[in-house]
Amino acid sequence: NVPEDQADKLLLASWGLPKAVLEKYHSLGVVQMFDWQAECLMLGQVLEGKNLVYSAPTSAGKTLVAELLILKRVLETRKKALLILPFVSVAKEKKCYLQ
């Protein structure tokens, strides 16, 4: 679980994302993360580009963790990212969503 003194890390606004990105998530009803999602982002040096392997059931929110990691790295390093998705329909959905 996320320690009480870091409970603000559950809020998307605490991760330094641009206002436009936060507004998009908020328009979709995503204002905060689950404890396990914030824990993933706070592990070791994940935000500095180290590897992360995590597992969760379908529809648990794995994609949000990946999106936040990708967005932060792209915005901070100004480099491109490659997002590999399992189905064409999901890829099309994410393409529209991330634009």
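The values are calculated or read from the model by the stated rules, or taken from the named source; none is laboratory data. What you see is a predicted model; the values in this text were computed from it and never measured. Cβ coordinates were reconstructed from backbone atoms using ideal geometry, including for glycine residues, and neighbour counts include every protein chain displayed. We work out accessible area using only protein heavy atoms, side chains counted, and drop any ligands, DNA or RNA first. Shrake-Rupley method; radii C 1.70, N 1.55, O 1.52, S 1.80 Å.
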Residue hits (the stretch 61-99; free of Cβ contacts under 8 Å to residues at least 12 places away in the same chain, in a loop (DSSP other than H, G, I, E, B), open to solvent by less than 100 Å² (accessible area, probe 1.4 Å) and closer than 23 Å to SER14 by Cα) are ALA81
The residue that is surrounded by the most Cβ atoms within 10 Å (Cβ to Cβ), considering only those in the stretch 37-60 that are at pLDDT below 90 and of a type outside the set (A, V, I, L, M), is GLY49
Of all residues being touching a strand residue (DSSP E or B) at 6+ places or on another chain (Cβ under 9 Å) and open to solvent by 50 Å² or more (accessible area, probe 1.4 Å) in the stretch 14-36, which is nearest to SER55 (Cα to Cα)? Just the residue, please. GLN32
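Yes/no per residue for (1) within 13 Å of the chain's Cα centre (by Cα); (2) hydrophobic (A, V, I, L, M, F, W, C):
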| site | (1), (2) |
| --- | --- |
| GLN6 | no, no |
| LYS9 | yes, no |
| GLU23 | no, no |
| TRP36 | yes, yes |
| MET42 | yes, yes |
| VAL46 | yes, yes |
| VAL53 | no, yes |
| THR58 | no, no |
| LEU64 | yes, yes |
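Quick one: in the stretch 1-13, which of the residues that are more than 17 Å from SER27 (Cα to Cα), part of a helix (DSSP H, G or I) and in contact with a helix residue (DSSP H, G or I) (Cβ under 6 Å, 6 or more places away or on another chain) is most open to solvent (accessible area, probe 1.4 Å)? Lay out the reasoning, then the answer.
From the stretch 1-13, those more than 17 Å from SER27 (Cα to Cα) are 1-10; that's our starting set.
Remaining after also requiring part of a helix (DSSP H, G or I): 4-10.
Filter again for in contact with a helix residue (DSSP H, G or I) (Cβ under 6 Å, 6 or more places away or on another chain), leaving 8-10.
Working: ASP8: 81, LYS9: 58, LEU10: 29 Å².
Going through the qualifying residues, I end up with ASP8.
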Within the bounds of the stretch 37-60, is there any residue that is basic (Lys, Arg) and in a helix (DSSP H, G or I)? no
